[in-house]
Amino acid sequence: MKKTLIKALAVVLVLTMVFSCFAAEIYAAGDGDETPFRITCTVNGDPSVSRGFTWYTKANCLSVLEISGAEGAEITYEPVFEWEGNYVHQAVVKNLTPGTEYEYTVGSKDVRSEPGKFITDDKDSSLNFVVVADVQASSEENFKKGADTCNAAYKTMPEAEFIVNLGDFTNDSTNEEWDLFDGAFSEFNRNTTLVPIAGNHDGLGVWDWFKNMFCLDTSESVQTKNGVNYSFDYGNCHFAVLNTNDLFSISLPQLKWLKNDMNGTDKDWKIVCMHKSPYTLGKDGKWPDALYLSKSLTKVLDECDVDLVMSGHDHQYLRTKALKGNKLSDDGTVYVLAGTAGSKRYEVRSFLADSFTPTEFINTLVIQKGGYGNYWNGTDWNSKDEKNIGGCFNTVSVKGGTLTFNSYILSDELTDENGERLITNTDSFTITKETGKNKATFSGDNTTSEAEYYFNVIPSFLALAAYTFTEWLPKFLWIAPNIIKVYIEEDTF
């Protein structure tokens, strides 16, 4: 009797353990754990026929991407891997049809996301896109403010085909902040194509976050630890995306890559996107890592006849006149510091004027100081304009030989006649050129071997150090008394 009871109890115990394991397996693969989040659709390769996708799940599960109406498309999945307690899924689709709007879902075998959408490049000579920078939030409230700015951008330009984000998506690049980013931007990110640029808050000291958040073409990137450099054609434009975290600023191999890349296109327009700005009057405009770009990078941009450079980092809007060789030139490059889509805004550092950034270079400057908005009129840094208090976004329209750029502020407080938050057009400019003149002069392999990159680490650092000690430091010491004066009078450094 005792043996029978013991056997019965043993059977019950085994069945309980089996059921518990089965239940645990079901839970591990349950809807909650396989639900996709942090979904992004990014440019990857030729935007007329391909896209990259990233999403995360709590459970380790199969990656599934479904695109409606994409018969014949080829989908390649990267191996799923664990990152900071979650699982990363990435996929690249190719062989799409140019000029087509697609609807897609991502997820696992059993769980799918809400539908998203994107449109492929139709390869004609016109395009429209949106540009933002530096959401750089760490709270739910401030991420929502950044999302409001991006939504206002698409309200202003509903025909935009993609959005360029010039970096600093979060403040500290932690799981918690990327979840808050996803909570505020999830619907927006799912329904547009993103062109992401690595900011210092996305790359320096937070290794691999950037490449794990966005599925990008890394085949020519000089390295991917703290960001990615890549390029693509869209319409009659060629875009190059730089990683200004590369050896704290930009390495010699990346400068070589950019020169080859720009010389390898015959597109009419050459546009460069990066995070740090070589021309600025913001708080980061006094440090050598960004200012070094005005010496090293601009030489390549001048040689390659780049038309437009867009950057972030310094949380104010500034547009230069056309520059070449660090001088005014009608056929030079226009540099735009694109403001901030977020709520962290930098006022002007007046001690930088006519030292590191000559005021004669500046065409437009919209700054925010002490709770009110400023529009610099060429002499007065403190001209007040309440409409300039808010998140900044920009639109770009290219039609043949005409490029039109507009910058806007979404007001924090003011409303229009319809009771909606006021949108103010703070800057507008047009560049025109004769099309069909660019010729490709480079072809071949533009990849950087690991050996070549590390062989150039010391020369790259030496080039930055040489600039720092021979050009930046003497100028910084020369203006130090003015820096101290401004700090005492305005509490600004």
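The values are calculated or read from the model by the stated rules, or taken from the named source; none is laboratory data. Fair warning: this is a prediction, and the values are worked out from it, not measured in the lab. Reconstructed Cβ throughout: ideal geometry from the backbone, glycine too, with neighbour counts over all protein chains shown.
Contact list please: Cβ distance under 7 Å, first residue in the stretch 300-328 and more than 25 Å from Arg349 (Cβ to Cβ), second residue assigned to a loop (DSSP other than H, G, I, E, B) and of a type in the set (Asp, Glu), pairs at least six apart or on different chains.
Close Cβ pairs (under 7 Å, with a partner that is assigned to a loop (DSSP other than H, G, I, E, B) and of a type in the set (Asp, Glu)) amount to Lys324/Asp331.
Exposed (fewer than 15 other Cβ atoms within 10 Å of the Cβ), touching a Leu at 6+ places or on another chain (Cβ under 9 Å) and in a loop (DSSP other than H, G, I, E, B) - does that describe any residue in the stretch 98-109?
Step one: filter the stretch 98-109 for residues exposed (fewer than 15 other Cβ atoms within 10 Å of the Cβ), giving 98-99, 101, 103, 109.
Filter once more, so that each one left must be touching a Leu at 6+ places or on another chain (Cβ under 9 Å): 109.
Then drop every residue that is not in a loop (DSSP other than H, G, I, E, B), which leaves 109.
Within the stretch 98-109, one or more residues are exposed (fewer than 15 other Cβ atoms within 10 Å of the Cβ), touching a Leu at 6+ places or on another chain (Cβ under 9 Å) and in a loop (DSSP other than H, G, I, E, B).
Being out of contact with any Cys (no Cβ under 9 Å at 6 or more places or on another chain) and in contact (Cβ under 8 Å) with a residue 60 or more places away in the chain is the filter; apply it to the stretch 144-154 and report the residue that is nearest to His315 (Cα to Cα).
Filtering the stretch 144-154 for residues out of contact with any Cys (no Cβ under 9 Å at 6 or more places or on another chain) gives 144-148, 150-154.
Still in the list and also in contact (Cβ under 8 Å) with a residue 60 or more places away in the chain: 145-146, 148, 150, 152-153.
Numbers: Lys145: 15, Gly146: 13, Asp148: 17, Cys150: 16, Ala152: 18, Ala153: 17 Å.
Per the stated criteria, the residue is Gly146.
Being modelled with pLDDT of 95 or more and in contact with a Lys or Arg (Cβ under 6 Å, 6 or more places away or on another chain) narrows it down to one residue among Thr430, Thr448, Thr424; which is it? Show your work before the answer.
Numbers: Thr430 fails: in contact with a Lys or Arg (Cβ under 6 Å, 6 or more places away or on another chain); Thr448 fails: in contact with a Lys or Arg (Cβ under 6 Å, 6 or more places away or on another chain).
Only one candidate qualifies: Thr424.
Quick one: which strands (runs of 3 or more DSSP E) lie wholly within the stretch 52-95 and hold at least 3 residues that are touching a Phe, Trp or Tyr at 6+ places or on another chain (Cβ under 8 Å)? Show your work before the answer.
On the way: elements: 64-67, 74-77, 81-83, 86-94.
Fully inside the stretch 52-95 and qualifying: 64-67, 86-94.
Take the stretch 191-210 and flag every residue that is within 20 Å of Glu450 (Cα to Cα) and surrounded by fewer than 24 Cβ atoms within 10 Å (Cβ to Cβ). Outline the logic, then answer.
Filtering the stretch 191-210 down to residues within 20 Å of Glu450 (Cα to Cα) leaves 203-204, 207-208, 210.
Answer for the stretch 191-210, where residues must be within 20 Å of Glu450 (Cα to Cα) and surrounded by fewer than 24 Cβ atoms within 10 Å (Cβ to Cβ): Leu204, Trp207, Asp208.
Out of all the residues in the stretch 208-235, which are touching a strand residue (DSSP E or B) at 6+ places or on another chain (Cβ under 6 Å) and more than 24 Å from Trp83 (Cα to Cα)?
Within the stretch 208-235, Ser231, Phe232, Tyr234, Gly235 qualify.
Do you know which of the residues in the stretch 410-431 that are in contact with a Leu (Cβ under 8 Å, 6 or more places away or on another chain) and among the hydrophobic types (A, V, I, L, M, F, W, C) is nearest to Phe129 (Cα to Cα)? Talk me through it step by step, then tell me what you get.
Our first condition is that a residue be in contact with a Leu (Cβ under 8 Å, 6 or more places away or on another chain); within the stretch 410-431, this holds for 410-411, 414-416, 421-423, 430-431.
Keeping just the survivors that are among the hydrophobic types (A, V, I, L, M, F, W, C) gives 410, 414, 422-423, 431.
Values: Leu410: 17, Leu414: 26, Leu422: 21, Ile423: 18, Ile431: 16 Å.
Here the residue is Ile431.
Taking strands (runs of 3 or more DSSP E) that fall entirely within the stretch 317-418, which contain at least 1 residues that are among the hydrophobic types (A, V, I, L, M, F, W, C) and either over 24 Å from Glu159 (Cα atoms) or modelled with pLDDT of 90 or more (or both)?
On the way: elements: 317-320, 334-338, 362-369, 372-375, 390-399, 402-415.
Answer list for the stretch 317-418: 317-320, 334-338, 362-369, 390-399, 402-415.
Considering only the stretch 120-132, how many residues are buried (at least 19 other Cβ atoms within 10 Å of the Cβ) and within 21 Å of Asn151 (Cα to Cα)? Walk me through how you get there before you give the answer.
Just the residues of the stretch 120-132 that are buried (at least 19 other Cβ atoms within 10 Å of the Cβ), to begin with: 120-121, 127, 129-132.
The next check asks that each one be within 21 Å of Asn151 (Cα to Cα); those that pass are 120, 127, 129-132.
Total satisfying the criteria: 6.
Provide a single number: the residues in the stretch 110-119 that are part of a strand (DSSP E or B) and either on the phi > 0 side of the Ramachandran plot or surrounded by 17 or more Cβ atoms within 10 Å (Cβ to Cβ) (or both).
In the first step, residues of the stretch 110-119 are kept if they are part of a strand (DSSP E or B); the result is 112, 116-119.
Narrowing further to those that are either on the phi > 0 side of the Ramachandran plot or surrounded by 17 or more Cβ atoms within 10 Å (Cβ to Cβ) (or both): 112, 116, 118-119.
Result for the stretch 110-119: 4.
Go through the stretch 329-342 and report how many residues are without any contact (Cβ under 8 Å) to a residue 40 or more places away in the chain and either crowded, with 17+ Cβ neighbours inside 10 Å or under 20 Å from the mean Cα position of the chain (by Cα) (or both). If you could, list the steps in order and put the result at the bottom.
Step one: filter the stretch 329-342 for residues without any contact (Cβ under 8 Å) to a residue 40 or more places away in the chain, giving 329-333.
Pick out the ones that are also either crowded, with 17+ Cβ neighbours inside 10 Å or under 20 Å from the mean Cα position of the chain (by Cα) (or both) and you get 332-333.
Within the stretch 329-342, residues that are without any contact (Cβ under 8 Å) to a residue 40 or more places away in the chain and either crowded, with 17+ Cβ neighbours inside 10 Å or under 20 Å from the mean Cα position of the chain (by Cα) (or both) number 2.
What pairs come up if the first residue lies in the stretch 391-403 and is in the same structural domain as Val334 (by TED's automatic domain parsing) and within 10 Å of Asp268 (Cβ to Cβ), the second is charged (D, E, K, R) and not in a strand (DSSP E or B), and their beta carbons are under 9 Å apart, counting only those six or more places apart or on different chains?
Cβ pairs passing all conditions: Val398/Asp268; Gly400/Asp268; Gly401/Asp268; Gly401/Lys433; Gly401/Glu434; Leu403/Asp307; Leu403/Lys433.
Does Gly45 satisfy the criteria of being at pLDDT 95 or above, among the small types (Gly, Ala, Ser), in a loop (DSSP other than H, G, I, E, B) and closer than 21 Å to Asn165 by Cβ? Spell out the reasoning first.
Values: at pLDDT 95 or above: yes; among the small types (Gly, Ala, Ser): yes; in a loop (DSSP other than H, G, I, E, B): yes; closer than 21 Å to Asn165 by Cβ: yes.
So Gly45 passes the test.
Surrounded by fewer than 21 Cβ atoms within 10 Å (Cβ to Cβ), in the same structural domain as Asp307 (by TED's automatic domain parsing) and closer than 26 Å to Val49 by Cβ: which single residue out of Phe188, Phe248 fits that description?
Values: Phe248 fails: closer than 26 Å to Val49 by Cβ.
None of the other options fit; the residue is Phe188.
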